[in-house]
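First the structure, in the form of structure tokens, and then the observations on it.
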Amino acid sequence: MAEFELILIEKPSDGVGLIRLNRPKVLNALNSSVMNEIATALTAFSSDPNVRVVILTGNEKAFAAGSDISEMSGKTETNILQDTGVRNWQTIANFPKPLIAAVSGFVLGGGLELAMTCDIMIASESARFGQPEINLGIIPGAGGTQRLTRVVGKSLAMEMVLNARMLNANEALRLGLVSKVVPLETYLENALELAKQIAARAPIALQAAKKSVNAAFELGLSKGLELERQQFAMLFNTSDQKEGMNAFLERRRAKWQGK
Ligand code: HXC
């Protein structure tokens, strides 16, 4: 794996990769180098058969307080339009394996957009979510107006985007923005436990499941159902499907091969 300066990479347990944002002095503000490093790490994890699930995290005080304002402040419209960094966001969104965001503290602006690009969000009780870009005279630019609206609905998304309303962890849980709120001391442990459980499951089915659920955000119902059906059928061409069903019938635990 390449050398990184602004993220830390670990393999905390079998099948699990961990990416930790590591710019604590600026609350993990996302500059272009961090985004490059995240995309590079995910690209390496995507072709590593020993990594089946990835956790993306920050620290207790901040998952990420947004894109780096000092880097953005002098930019022009042309700079933004020509910014190749958009490819990094696509790499993250297209990462084929399950990606869990373990968030705590500030989850703001590009930080919330990054967490929403992941598949599952687990939050510590201290997490605070918001799209405060309006305070800077801009709007969210990496999915905040789209992904947030699909999750929390129009009225609340408007309040968050137009008026920088923040959500606490329990509000985020009630709205389905996060799937679990856990004590600050154990949020990473909790994400790791979930990652381990998912990593032990049938790998090709995991990727088909992720692709199919994500299609619900991209496609209309009939196209989404069609994609689900194709993925479902494709799995009957895998040894894992035979193994999973035989194991059930023989009352034993399945041994997944990932093929
Ligand atoms: C650069 C940041 C930063 C950011 C914090 N810092 N957020 N630097 N970009 N987004 C830096 C501060 O300048 C400061 O550095 C240090 O981190 C600690 O921050 P403080 O403000 O002193 O901490 P605190 O008083 O606890 O306030 C925390 C905070 C505040 C409420 C989160 O930092 C804040 O409002 N940050 C900006 C949040 C924001 O607007 N996010 C959206 C960004 S735009 P020094 O050197 O002074 O100690 C965006 C667009 C996405 O994300 C587009 C995607 C393509």
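The values are calculated or read from the model by the stated rules, or taken from the named source; none is laboratory data. Quantities reported herein were computed from a predicted structural model and do not represent experimental measurements. Cβ coordinates were reconstructed from backbone atoms using ideal geometry, including for glycine residues, and neighbour counts include every protein chain displayed. Calculation scope for accessible area: heavy atoms of the full protein, side chains included, ligands and nucleic acids excluded. Shrake-Rupley method; radii C 1.70, N 1.55, O 1.52, S 1.80 Å.
Within the range 121-159, track down each residue that is in a loop (DSSP other than H, G, I, E, B) and either within 12 Å of the ligand (Cβ to nearest atom) or within 26 Å of Leu192 (Cα to Cα) (or both). Scanning the range 121-159 gives Glu125, Ser126, Ala127, Gln131, Gly137, Ile138, Ile139, Pro140, Gly141, Ala142, Gly143. Screening Ser104 on (1) in contact (Cβ under 8 Å) with a residue 60 or more places away in the chain; (2) among the hydroxyl-bearing types (Ser, Thr, Tyr); (3) more than 16 Å from Leu8 (Cβ to Cβ) shows it passes everything except condition (3). With the structure loaded, tell me whether Val182 is modelled with pLDDT of 95 or more, within 24 Å of Arg20 (Cβ to Cβ) and in contact with a helix residue (DSSP H, G or I) (Cβ under 8 Å, 6 or more places away or on another chain) or whether it fails that test. Judged against the criteria, Val182 is a match.
Within the range 160-191, being part of a helix (DSSP H, G or I), among the β-branched types (Val, Ile, Thr) and more than 15 Å from Leu148 (Cβ to Cβ) holds for one residue alone: Thr186.
In the range 200-208, the condition of being without any contact (Cβ under 8 Å) to a residue 24 or more places away in the chain and either at negative phi or in a helix (DSSP H, G or I) (or both) is met by no residue. Of the residues screened, Asn36 is one that is farther than 16 Å from Pro140 by Cα and modelled with pLDDT of 95 or more. Mind checking which residues of the range 73-92 are within 11 Å of the ligand (Cβ to nearest atom) and either open to solvent by less than 60 Å² (accessible area, probe 1.4 Å) or touching a strand residue (DSSP E or B) at 6+ places or on another chain (Cβ under 6 Å) (or both)? Residues satisfying the conditions are Gly85, Asn88, Trp89. Among the conditions (1) within 12 Å of the ligand (Cβ to nearest atom); (2) under 19 Å from Gly17 (Cα atoms); (3) not in a strand (DSSP E or B), the only one that Phe95 does not satisfy is (1).
If you take the residues in the range 16-36 that are crowded, with 19+ Cβ neighbours inside 10 Å and away from the ligand (no atom under 16 Å from the Cβ), which one is farthest from Glu113 (Cα to Cα)? Here the answer is Val16. Of all the numbered requirements in (1) open to solvent by 90 Å² or more (accessible area, probe 1.4 Å); (2) more than 24 Å from Leu114 (Cα to Cα), Lys211 misses one, and that requirement is (2).
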